[in-house]
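Before any comments, here is the structure.
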Amino acid sequence: TKTNTVVATVEVNGIEGIAVSPDGKKVYVTGSGYTDVIDTETNKVIATVETSESSGVVVSPDGKKVYVTSRLSGIIYIIDADTNTVVAEVSGGNYPIGIDISPDGAMLYIANQDDHNVSVMDTTTSIIKTTISVGNGPWSLAVTPDGEKIYVTNYFDDTVSVIDAATNTVTDTISVGDQPQSVAFKKSGSKAYVANSGSNTVS
């Protein structure tokens, strides 16, 4: 990142989502029915986990669990990061894609595109606590660094829904570019960046 040059290329099974472990030692890449685990020291795939129609992926803040969405089956896979095995499968909504976790690791948020909502899962019990209606076709989401809000990109109505994490309610809707997909925050949380796939812009 200091020189903005490619230093290695790693072959994986497919690319839908990507997440880095908190210690920076592993990268998880989802796609084509698998989750590949890359060792960042060697830039080699050290494990491949079967996760059908896998899309979104996030690692718990303690690095012990990896959560993967399966968009066609509606399943959330829970992977043990030490053994690289699926330890649980949780039934979620219809066509889940985006996924993120609260900074304390207590709550998991899943964007269900066909249900037009976000599921909130308690990671201790693996139970969906509630669902929150958002815009048309939620694709991706991100929790603010302080854990107080969740920003959700709505692919089909070109908006971002802002959810209050304390009340699980939508407090604002922001117009962005065409067909917004990914959203990411500055480390300070002062700005959010939204990738608009339909207009080839970033809001």
A88: passes all of (1) open to solvent by less than 20 Å² (accessible area, probe 1.4 Å); (2) more than 17 Å from N168 (Cα to Cα); (3) in contact (Cβ under 8 Å) with a residue 24 or more places away in the chain; (4) small (G, A, S) but (1)
Being among the small types (G, A, S), open to solvent by 20 Å² or more (accessible area, probe 1.4 Å) and either in a strand (DSSP E or B) or without any contact (Cβ under 8 Å) to a residue 60 or more places away in the chain (or both) narrows S182, S161 down to just S182
Query raised in the report: Looking at this structure, is V49 in contact with a Phe, Trp or Tyr (Cβ under 7 Å, 6 or more places away or on another chain) and closer than 27 Å to P145 by Cβ?
Result: no
Open item on the list: If I filter the stretch 20-36 for residues that are outside any strand (DSSP E or B) and among the acidic types (D, E), do I get at least one hit?
Closed with: yes
Checked V37, V20, V10 against criteria (over 24 Å from V183 (Cβ atoms) and open to solvent by 40 Å² or more (accessible area, probe 1.4 Å)); the one match is V10
Of (1) under 16 Å from the mean Cα position of the chain (by Cα); (2) loosely packed, with under 15 Cβ neighbours inside 10 Å, S60 satisfies every one except (2)
With respect to T83, is the statement that it is surrounded by fewer than 23 Cβ atoms within 10 Å (Cβ to Cβ), within 25 Å of G189 (Cα to Cα) and not aliphatic (A, V, I, L, M) true? no
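The values are calculated or read from the model by the stated rules, or taken from the named source; none is laboratory data. Every value quoted in this text rests on a predicted model; they were computed, and no experiment measured them. Methodologically, a virtual Cβ is constructed for each residue, glycine included, from the backbone with ideal geometry; neighbour enumeration extends over all protein chains shown. Ligands, DNA and RNA are excluded from the accessible area calculation, which covers all protein heavy atoms including side chains. Shrake-Rupley method; radii C 1.70, N 1.55, O 1.52, S 1.80 Å.
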